[in-house]
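Participant: Take a look at the following structure, please.
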Amino acid sequence: MKRRKFIKKTTLAGIGIATGTTITACNNNLNRSASVNSKEEKQTMNNSLKPFPIAICTWAFTKANAKAGEELSNSKSALDAAIAGVEVEEENLKNTTVGKGGAPDREGNVTLDACVMNPQGDCGAVVCVNTITNVAALARKVMEETPHVMLAAEGAEEFGYSQGFKKENLLTEASKKEWEEWKKSPEYKPIINIENHDTIGMLTIDKNGDIAGACTTSGLSYKMKGRVGDSPIIGSGLFLDNEIGGAVATGMGEEVMKTVGSFLIVELMRNGMTPQAACEEAIRRIVSKNDRHKDFQIAYIAINKAGEVGSYCIHEGFTYMKYQNGVNENVKSGFVL
Ligand code: ASP
């Protein structure tokens with residue numbers, strides 16, 4: 001077979017796999033609906049069998065995922081819901097890994113990173129933001145109101161104020177105290193799953209079947225000044241293609257960036273892998289190349305256009321949230337070690 005023909009054939013096969021499940025789900029829905037009589041019965045049946053809306057997010061961020069699910073159920077768009085969801089954690093002062101109250105860098109500055117993507121494939125990101133809490137919403141503004149994809153530090157902050165974002169001190173008394181304690185014997189050491197880093201990455205599919213995502217973090221606790229991880233980097237912390245699906249990452253950002261993990265997962269799904277198989281392969285690439293993988297955690301979650309979900313991580317202990325059909329559940333991820 002000529003190369004061009006082969007590529008065309010395999011691409012179509014890939015699309016067939018990705019959309020085939022959606023078609024099956026819809027057909028099942030129609031067939032079963034045909035056998036019920038009353039309007040109410042049909043309504044219940046349709047609701048209970050609908051694959052969408054769906055919201056998934058990293059870790060046990062129950063309230064954030066529930067918020068996204070609620071927004072989606074109220075017919076909000078996938079992007080509106082993802083941003084409303086992650087804002088719950090950005091504003092949670094007790095969460096020391098996302099938003100206000102996040103652990104600072106070595107100098108005592110809390111710096112936030114975030115990115116968003118919409119179903120059209122547009123994206124926005126902000127890095128090293130020191131004075132604004134809702135950085136996912138700020139990343140959206142970068143996407144929608146500027147000709148750029150990413151703004152950093154003061155540039156992002158000044159743009160934020162011009163868009164009505166409030167200037168705030170992000171360092172809470174509690175985070176300041178912990179940082180002062182850390183300074184007594186300063187050492188950066190990730191503790192697997194009790195991480196000093198737990199980003200929220202969220203993927204949503206609205207009732208029209210459109211996919212969006214948001215990823216927001218305060219990064220590694222006590223990181224070097226100016227350090228930026230994978231979370232705001234399109235393709236690493238987050239990537240989606242509305243035709244195929246999406247993926248988000250959490251864990252040691254330096255290692256995610258080396259394999260452009262979220263982009264990799266979406267491309268593997270494009271070529272026919274399930275979200276689960278794609279997450280496993282993305283983790284395998286990191287583990288197989290890196291002897292130090294026992295010392296850090298990385299986890300991926302992914303969703304495809306049919307609403308199938310997958311997840312994989314290096315160390316046992318990672319869980320994620322899944323909202324579908326009014327149920328918001330915490331799911332254990334598969335793992336290597
Ligand atoms: N990936 C984030 C970073 O490297 C941290 C995390 O998700 O735990 O900044």
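A short reminder: the numbers here are calculations on the coordinates, not readings from a lab. Because the structure is predicted, anything quoted here is derived from the model rather than measured. Note that we place each Cβ from the backbone using ideal geometry, even for glycine, and neighbour counts take in every protein chain shown.
Participant: Go through Lys167/Lys207; Lys67/Lys94; Lys50/Lys76 and tell me which ones have a Cα-Cα distance over 28 Å in this structure.
Facilitator: Among Lys167/Lys207; Lys67/Lys94; Lys50/Lys76, the Cα-Cα distance tops 28 Å for Lys167/Lys207.
Participant: Report the gain in length on full extension from Ala174 to Met224: 0.36 nm times residue separation, minus Cα-Cα distance, nm rounded to one decimal.
Facilitator: 16.0 nm
Participant: Going by average Cβ density within 10 Å per residue, which order do the peptides 65-73, 135-143, 117-125 take, highest to lowest? Spell out each step's value before the answer.
Facilitator: Details: 65-73: 23.1, 135-143: 26.7, 117-125: 21.0.
My ranking of the peptides, most packed first, is 135-143, 65-73, 117-125.
Participant: So for the range 240-337, if I pair up every lysine 8 or more residues apart or on another chain, how many of those pairs have alpha-carbons under 26 Å apart?
Facilitator: Lysine pairs satisfying the spacing and distance rule in the range 240-337 number 8.
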